[in-house]
1. Collect the residues in region 65-92 that are farther than 19 Å from Val12 by Cβ, of a type outside the set (Gly, Ala, Ser) and either in contact (Cβ under 8 Å) with a residue 40 or more places away in the chain or within 13 Å of ligand 1 (Cβ to nearest atom) (or both), keeping them in residue-number order.
2. Check Ile4, Ile30, Ile8 and return the single one that is more than 10 Å from ligand 1 (Cβ to nearest atom) and touching a residue at least 24 places away in the same chain (Cβ under 8 Å).
Amino acid sequence: MKRIVTGILAHVDAGKTTCIESMLYTSKTIRKLGRVDHQDAYLDYDNQERERGITIYSKEAHFHWKDSEIYLIDTPGHVDFSSEMERSLQVLDLAILLINGQDGIQSHTSTIWKCLKHWYYVKKKDS
Ligand SMILES: Nc1nc2c(ncn2[C@@H]2O[C@H](COP(=O)(O)OP(=O)(O)O)[C@@H](O)[C@H]2O)c(=O)[nH]1
Ligand SMILES: [Mg+2]
């Protein structure tokens with residue numbers, strides 16, 4: 001079985017936590033489809049996160065899909081918690097840079113893209 005560690009990155013409120021909630025629900029890992037704005041999203045379980053409606057800490061969930069075991073890392077999109085997002089890049093096999101169709105590419109999207117390029121070259125050099 002393949003194991004893939006996947007990070008989801010984007011600016012704040014792009015829909016990362018919601019997207020992961022859908023993946024967990026679709027893969028039957030969770031029975032109820034929670035919502036960030038209803039304060040019952042699976043990964044935004046911290047009290048501060050539920051109060052503020054944003055992800056503060058990177059968190060991991062995993063599910064099986066076909067012949068793969070997918071480890072998903074949800075990351076904070078708020079610039080104040082960028083260090084938490086950058087820390088998670090070290091362990092990724094794959095990154096999804098989510099772009100919200102309504103907001104388009106934001107300056108933080110470009111910052112994340114630069115961080116991803118940096119980690120790609122670091123990993124390539126080390127392997
Ligand atoms: N209308 C609409 N709202 C969404 C969608 N995805 C997320 N939201 C809402 O946008 C807000 C931010 O979503 P969230 O998943 O917390 O974004 P994150 O900061 O990238 O994790 C929440 O109130 C969600 O309910 C979507 O596809 N459509
Ligand atoms: Mg979030």
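Each value in this text was obtained by applying a stated rule to the coordinates, not by laboratory testing. Being a predicted model, the structure only gives us computed values, none of them experimental. Positions of Cβ are generated from backbone atoms using ideal geometry, with glycine treated the same way; all protein chains shown enter the neighbour counts.
1. So in region 65-92, the residues farther than 19 Å from Val12 by Cβ come out as 65-71, 90-92.
From what is left, the residues that are of a type outside the set (Gly, Ala, Ser) are 65-67, 69-71, 90-92.
Listed by number, the residues that qualify are Asp67, Glu69, Ile70, Tyr71, Val91, Leu92.
2. Details: Ile30 fails: touching a residue at least 24 places away in the same chain (Cβ under 8 Å); Ile8 fails: more than 10 Å from ligand 1 (Cβ to nearest atom).
Going through Ile4, Ile30, Ile8 in turn, the sole match is Ile4.
Each row is one residue, and each column tells you yes or no for (1) at positive phi; (2) among the charged types (D, E, K, R); (3) exposed (fewer than 15 other Cβ atoms within 10 Å of the Cβ).
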position	(1), (2), (3)
Val5	no, no, no
Leu9	no, no, no
Ala14	no, no, no
Met23	no, no, no
Ile30	no, no, no
Glu49	no, yes, no
Asp67	no, yes, yes
Asp74	no, yes, no
Ser82	no, no, no
